[in-house]
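Before any comments, here is the structure.
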């Protein structure tokens, strides 16, 4: 099963910014010592404070990364989708415990990669380290774009941009496309209250821009969705 799943997801694995620079032989050896696990919705992949032995690549599905406050409240830090890695920073920082928990939001398949073996591959190869630094810089640029969206765009603009980015390029007015995340999860991802998110959705439907029902977005005015910067709360 392990080899067949690896083969099925070869393209995704080789595109990962942490695995792409590795020579083929080194990658094959690393994958041979990695584990593949399937998870159902709400299954826990790692717990905050758990011993950090692996970092992870999502092969299928979606997870939420969460922090538990001192009051026991869960805060969603980030969502990770197929092709995303998580918990790799602990390896580079030589940390011993995971600072976050990872929980599946739907059926997911996750590749667990041993920290020690991966770290040894890098520590003995300066050229490989330089390639990795380049990939990390590109990854950081993507995070900067996410931060800019949360700080520069207001709530209404963030909602429009989120759904516009998910929209298939060839969709027309009157057509629908699926959204797998719940309203609660989307609101958390966009750093707003669920009540605020619901009010914005209602306003956009009244303005005949789009409607969100039963995990489907009905496009009412594609051009206005594209011009998300024109909308302010």
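The values are calculated or read from the model by the stated rules, or taken from the named source; none is laboratory data. These numbers come from a predicted model, not from an experiment. Neighbour counts are summed over all protein chains in view; Cβ atoms, including those assigned to glycine, are modelled from backbone coordinates with ideal geometry.
Brief remarks follow.
- Every test in (1) touching a helix residue (DSSP H, G or I) at 6+ places or on another chain (Cβ under 6 Å); (2) assigned to a strand (DSSP E or B) is passed by residue 45 save one, and that test is (1).
- Residues satisfying the stated conditions in segment 9-27, i.e. over 20 Å from residue 90 (Cα atoms) and in contact with a strand residue (DSSP E or B) (Cβ under 6 Å, 6 or more places away or on another chain): 9
- So residue 63, is it surrounded by 20 or more Cβ atoms within 10 Å (Cβ to Cβ) and not in a loop (DSSP other than H, G, I, E, B): yes
- Candidate set from segment 106-119 (those that are at pLDDT 90 or above and part of a helix (DSSP H, G or I)); member that is surrounded by the most Cβ atoms within 10 Å (Cβ to Cβ): 118
- Single residue of 36, 113, 76 found to be touching a residue at least 12 places away in the same chain (Cβ under 8 Å) and within 20 Å of residue 182 (Cα to Cα): 76
- The residue that is surrounded by the fewest Cβ atoms within 10 Å (Cβ to Cβ), counting only those in segment 180-211 that are within 22 Å of residue 64 (Cα to Cα) and at pLDDT 90 or above, is 195.
- Residues that are exposed (fewer than 14 other Cβ atoms within 10 Å of the Cβ) and part of a loop (DSSP other than H, G, I, E, B), drawn from segment 69-94: 69, 70, 71, 72, 73, 93, 94
- Residue check, residue 103 modelled with pLDDT of 90 or more, in contact with a strand residue (DSSP E or B) (Cβ under 6 Å, 6 or more places away or on another chain), part of a strand (DSSP E or B) and within 21 Å of residue 190 (Cα to Cα): yes
- Taking the criterion of being out of contact with any helix residue (DSSP H, G or I) (no Cβ under 7 Å at 6 or more places or on another chain) and crowded, with 16+ Cβ neighbours inside 10 Å, the residues of segment 14-42 that qualify are 16, 27, 34, 39.
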